[in-house]
Amino acid sequence: MSDGNTLWHGRFVGGPSEALRALNDSLSFDRRMFREDIAGSRAHVQMLQEVGLINTAELSEILEALDVVENEMEEDNFDWAPSDEDIHTAVERRATELTQAAAKMHTGRSRNDQVANDVRLVAKSEIDLLTEALASLIKALFARVEEVYEQEIYLPGYTHMQRAQPVNLAHHLAAYCWMFLRDVERLGDARRRSDVSVLGAGALAGTSLPIDPQIVADQLGFSKLFMNSLDAVSDRDFVADLLYSLSVLGVHISKIGEELCLWASSEFNFVELDDAFATGSSMMPQKKNPDVAELARGKAGRLIGNLTGFLTTQKGLPLTYNKDLQEDKEPLFDSCDTVRLTLVALTGMITTLSFNVESMQSSADSPYAAATDLADFLVERGVAFREAHATVAGLVRQSLAEGSELADLVTGHGELGPQAAELLQPGGGRNRRNSHGGGGEAAVAAQIEKLRDLVGALP
């Protein structure tokens, strides 16, 4: 190739300005796609040989050259050239140095369909790695669920950050298992929408050459083939789907991170963090900081920012390919890397922390936490709920105003009495709420059985 080995020298007499080159080049971030790019080139040239556009000898030379290029990149001894504006340029330039047959490698394709296919391969691979890391977190959480269920540990449940009702810790932790299982589903959906081969769409309208894109799709392990060439080169919905899935996952990570920050505080004192997953203070020697939980919480903003930025980039683009689409890779790579690292650290934190059972249960043992159970006690005896609610609220108000024990007031109440007062014992009514999906012992046991099957099916 002439003119600095660029791929687009055709009508140009002079080369690009330094400013244009610096703005245009994407090699600094898309070089991480070298495996996918080379895999796509291998499949493409094999197809070219099958349809008669290159011969067997040329195919062999090109494949050997691609092997060399991949080994050089894997071993980090590839000689990157100033003219390598992207990974596609670099691979083709080096392959052509090794054999002139590689000059035919780009037959019947464009960088437009090439890069779209590369990104789809990357997305599939990243989703598989992310799903594996997320599965490890879910398994770690579920192990703690089973552990605390056997120990019958309970804690206050909260609404509006006010103590509401005592709940089993197993029930509380299981809620995150369900959240993260939905994230596994979302990642699976994103993978299915990534699993479309678009190599063969050309620059935008296909090609007059007798190519067979299905051969390429089969070689690369895609389950589906594009149907519209215009859509194929311009579609980045699958990137948005993945960024959205990671943003929702990030929000869930943030939620559990926030709770762990609260639980590790002196005010709550519900958990003790392992030293391996906490930090200290450079000034205050008594501190143990929940940095993993804080960063898990903080990364959500970054993930949402990547999604928002990418959607904004796409919103005004006409068909088909526009250079704006180059902006898909950095947010994609960053979000994938961020989530994967966060999941590993959070899994370690959850696996190693210990629960301060006495603090949890004593915080849940306020007699006022059983107020709803008292109302339900009356409902079971035919009292309308609103009337029951008013009765119990009156007793709570009287207890607070007089400084009297709620248990004494309940015991002496004509409609409640000693039997109802038993609900005010520590942990009292927590195992009574056995409606479907509830926090009672029987309901939690059924939930754990269902979770055991779902968690066992994870990769």
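Structural remarks
- Going through (1) surrounded by fewer than 22 Cβ atoms within 10 Å (Cβ to Cβ); (2) charged (D, E, K, R); (3) touching a residue at least 60 places away in the same chain (Cβ under 8 Å) one by one, Glu147 falls short only on (3).
- Criterion (out of contact with any Gly (no Cβ under 8 Å at 6 or more places or on another chain) and not aromatic (Phe, Trp, Tyr)) met by exactly one of Asn289, Asn306: Asn306
- Looking only at residues of region 303-321 that are touching a residue at least 12 places away in the same chain (Cβ under 8 Å) and surrounded by fewer than 17 Cβ atoms within 10 Å (Cβ to Cβ), we find that the one that is farthest from Leu27 (Cα to Cα) is Leu319.
- Taking the conditions (1) crowded, with 21+ Cβ neighbours inside 10 Å; (2) touching a residue at least 40 places away in the same chain (Cβ under 8 Å) in turn, Pro367 satisfies each one other than (1).
- Single residue of Val444, Val383, Val392 found to be at pLDDT 90 or above, more than 20 Å from Tyr158 (Cα to Cα) and β-branched (Val, Ile, Thr): Val383
- Pair list, Cβ < 9 Å and 6+ apart or interchain, from region 417-433 residues that are not assigned by TED's automatic domain parsing to the domain that holds Glu152 to residues that are outside any helix (DSSP H, G or I) and among the hydrophobic types (A, V, I, L, M, F, W, C): Arg430/Val167; Arg433/Val167
- Those residues of region 333-371 which are part of a helix (DSSP H, G or I), touching a strand residue (DSSP E or B) at 6+ places or on another chain (Cβ under 6 Å) and hydroxyl-bearing (Ser, Thr, Tyr), in sequence order: Ser363
- Look at (1) within 25 Å of Ala232 (Cβ to Cβ); (2) of a type in the set (D, E, K, R); (3) part of a helix (DSSP H, G or I) and you find that Glu58 fails only one, number (1).
- Flag for Asp373 being in contact with a Gly (Cβ under 9 Å, 6 or more places away or on another chain) and assigned by TED's automatic domain parsing to the domain that holds Gly428: yes
- Flag if Ile138 is surrounded by 20 or more Cβ atoms within 10 Å (Cβ to Cβ), in contact (Cβ under 8 Å) with a residue 12 or more places away in the chain, β-branched (Val, Ile, Thr) and within 30 Å of Leu353 (Cβ to Cβ): yes
- Residue among Ser41, Ser60, Ser28 that alone is surrounded by fewer than 17 Cβ atoms within 10 Å (Cβ to Cβ) and under 35 Å from the mean Cα position of the chain (by Cα): Ser28
- Residue match in region 63-85 (condition: under 32 Å from the mean Cα position of the chain (by Cα) and at pLDDT below 95): yes
- The listed residue being assigned to a loop (DSSP other than H, G, I, E, B) and buried (at least 18 other Cβ atoms within 10 Å of the Cβ), out of Leu423, Leu416, Leu378: Leu416
The values are calculated or read from the model by the stated rules, or taken from the named source; none is laboratory data. Keep in mind that this is a model prediction, so the values were computed, not measured. Cβ atoms come from the backbone with ideal geometry, glycine included; neighbour counts cover every protein chain shown.
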